[in-house]
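Heads up, the thing below is written out as structure tokens.
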Amino acid sequence: RPAPITVTLTGAGGQIGYAAMFRIASGALFGPDQPVALRLLEIPQGVKGAEGAALELTDCAFPLLTSVDIATAPEQGFDGANVALLVGSRPRTAGMERADLLAANGAIFGPQGRAINDNAADDVRVLVVGNPANTNALIAQRNAPDVPAERFTALTRLDHNRAVGLLAERAGAAVADIAGVTIWGNHSTTQYPDLSHATVAGRPALEIVGESWGRGEYVDRVANRGAEIIEVRGGSSVASAANAAIDHVHDWVLGTGNAAATSGAAAPWTSVSLPSTGAYGIPEGLIASVPARSINGQWQVVEGLDVDDFSRARIDASVAELAAERDQVAALGLI
Ligand code: NAI
């Protein structure tokens, strides 16, 4: 059997942590032959939740789970981490100013970035789920100068999966027949779910669903799906968020799509928030969502897609929001 892969999960006592850890322990990240060691990082108020979940993990008797450790110190929590899922954050509460939100998260993601820098394994891969995810990822990345920048990512896979699911529903098609959907920009309501290159069973999606829906109602529905879930369910997205985080890491490590189709224009892609290298006019360094494939364990931006005027304006608006958040955390001395 291979040596276990160490996965650190922060916010493990919370909802998404609870929804994610049983699937991680059962092999959803790396397949049925790869053992996993779990490290759960919480703040003191959340430790009981993590401890209770750990008792249940024992009671599942997962054959792939080699150990569960609970920590409250980031240095300990990220020790030897190969994968770090940063779920715990300080969400916005009523009356909170944006600057307060960013400062509170800086106090979490700065120290966690430094702890990853100093304690994680050399091959560490980081996924930030806790909101504001893209900017929290930027803060962590800038505080981890010894880790290659591209190992820091933020979750827009939930938005991507929502975009795929809602397109399939509208087109009356199977999810498996959908390809070429992209989420651009920030994990916020400014995000742009783009169907320009999407296909449904090989046919252009915008021809099937119509431009007015595909570039109108659809864009708003995907961007506001989180609020829709809260309204109907009475609580935020949990299982779908955990599922998306698992999809993201799974595809990063094992590759997007099947091995025979990982290159060439037809190879499937997904949406990932990655530090920009300047592709598609996104300022270098911003952690923005782009179309990407994972090849040999590394994200590669899908290059050369046409961006028409409608798409350009939507991408620019969301990227401008990210740049403003970056400027705010820079002004606060967090990066
Ligand atoms: P929750 O409130 O149930 O759990 C959060 C947990 O994080 C709590 O147990 C808390 O004690 C812990 N925590 C707080 N600060 C911490 C720190 N410094 N270190 C370790 N743990 C810490 O929240 P839930 O529902 O699990 O959501 C978690 C985050 O994920 C929220 O910020 C939410 O906005 C975000 N989210 C992001 C999505 C995305 O697509 N990027 C989708 C859905 C949620």
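Kindly list, by first and then second residue, each pair from a residue in the stretch 15-27 that is more than 18 Å from Leu254 (Cα to Cα) and in contact (Cβ under 8 Å) with a residue 12 or more places away in the chain to a residue that is within 14 Å of the ligand (Cβ to nearest atom) and among the charged types (D, E, K, R), limited to pairs with Cβ atoms under 9 Å and residues at least 6 apart or on different chains.
Hits for this filter: Gly17/Glu42.
Report, by residue number, each residue of the stretch 280-308 that is touching a Ser or Thr at 6+ places or on another chain (Cβ under 6 Å) and acidic (Asp, Glu).
Glu284
Can we say Val83 is open to solvent by 20 Å² or more (accessible area, probe 1.4 Å), within 23 Å of Ala115 (Cβ to Cβ) and hydrophobic (A, V, I, L, M, F, W, C)?
For Val83, the condition - open to solvent by 20 Å² or more (accessible area, probe 1.4 Å), within 23 Å of Ala115 (Cβ to Cβ) and hydrophobic (A, V, I, L, M, F, W, C) - is not met.
Can you name the residue in the stretch 139-158 that is part of a loop (DSSP other than H, G, I, E, B) and not charged (D, E, K, R) and is also surrounded by the fewest Cβ atoms within 10 Å (Cβ to Cβ) among such residues?
The selected residue is Pro145.
Whether any residue in the stretch 311-324 is farther than 19 Å from His187 by Cβ and either modelled with pLDDT of 95 or more or hydroxyl-bearing (Ser, Thr, Tyr) (or both) is what I want to check. Spell out how you get there, then give the answer.
Narrowing the stretch 311-324 to residues farther than 19 Å from His187 by Cβ: 312-313.
Filter once more, keeping what is either modelled with pLDDT of 95 or more or hydroxyl-bearing (Ser, Thr, Tyr) (or both): 312-313.
Within the stretch 311-324, one or more residues are farther than 19 Å from His187 by Cβ and either modelled with pLDDT of 95 or more or hydroxyl-bearing (Ser, Thr, Tyr) (or both).
Can you spot a residue in the stretch 226-240 that is surrounded by 17 or more Cβ atoms within 10 Å (Cβ to Cβ) and over 14 Å from the mean Cα position of the chain (by Cα)?
yes
Taking into account only those residues within the stretch 154-166 that are in contact (Cβ under 8 Å) with a residue 24 or more places away in the chain and over 13 Å from Val272 (Cα atoms), which is farthest from the ligand (Cβ to nearest atom)?
Filtering first and then ranking leaves Leu166.
With the requirement that a residue be part of a loop (DSSP other than H, G, I, E, B) and within 21 Å of Ser89 (Cα to Cα), what does the stretch 1-36 give you?
Going through the stretch 1-36, the residues part of a loop (DSSP other than H, G, I, E, B) turn out to be 1-4, 11-14, 26-35.
Result: Gly11, Ala12, Gly13, Gly14.
Give the residues of the stretch 281-319 that are part of a helix (DSSP H, G or I) and in contact (Cβ under 8 Å) with a residue 40 or more places away in the chain, sorted by residue number.
Residues satisfying the conditions are Phe310, Ser311, Arg314, Ile315, Ala317, Ser318, Val319.
Scan the stretch 240-251 and report the pairs whose first residue is under 11 Å from His160 (Cβ atoms) and whose second residue is hydroxyl-bearing (Ser, Thr, Tyr), with Cβ atoms within less than 7 Å and a gap of 6+ or a chain change.
Pairs found: Asp251/Thr270; Asp251/Ser294.
Scan the stretch 167-179 and give yes if some residue there is within 23 Å of Gln298 (Cβ to Cβ), within 16 Å of the ligand (Cβ to nearest atom) and crowded, with 17+ Cβ neighbours inside 10 Å, otherwise no.
no
Please find, among Asn105, Asn136, Asn131, Asn161, the residue that is open to solvent by 50 Å² or more (accessible area, probe 1.4 Å) and in contact with a Ser or Thr (Cβ under 8 Å, 6 or more places away or on another chain).
Asn131
Please verify whether Val219 is farther than 20 Å from Val7 by Cβ and at pLDDT 95 or above, treating the condition exactly as stated. Spell out how you get there, then give the answer.
On the way: farther than 20 Å from Val7 by Cβ: yes; at pLDDT 95 or above: yes.
Taking the combined requirement at face value, the residue satisfies it.
When the stretch 142-153 is examined, which residues are found to be within 17 Å of the chain's Cα centre (by Cα) and more than 16 Å from the ligand (Cβ to nearest atom)?
Ala149, Glu150, Arg151, listed by residue number.
The values are calculated or read from the model by the stated rules, or taken from the named source; none is laboratory data. Just so you know, these numbers come straight off a predicted model, no measurement behind them. Neighbour counts are summed over all protein chains in view; Cβ atoms, including those assigned to glycine, are modelled from backbone coordinates with ideal geometry. Please note that ligands, DNA and RNA were not included when accessible areas were found on the heavy atoms of the full protein model with its side chains. Shrake-Rupley method; radii C 1.70, N 1.55, O 1.52, S 1.80 Å.
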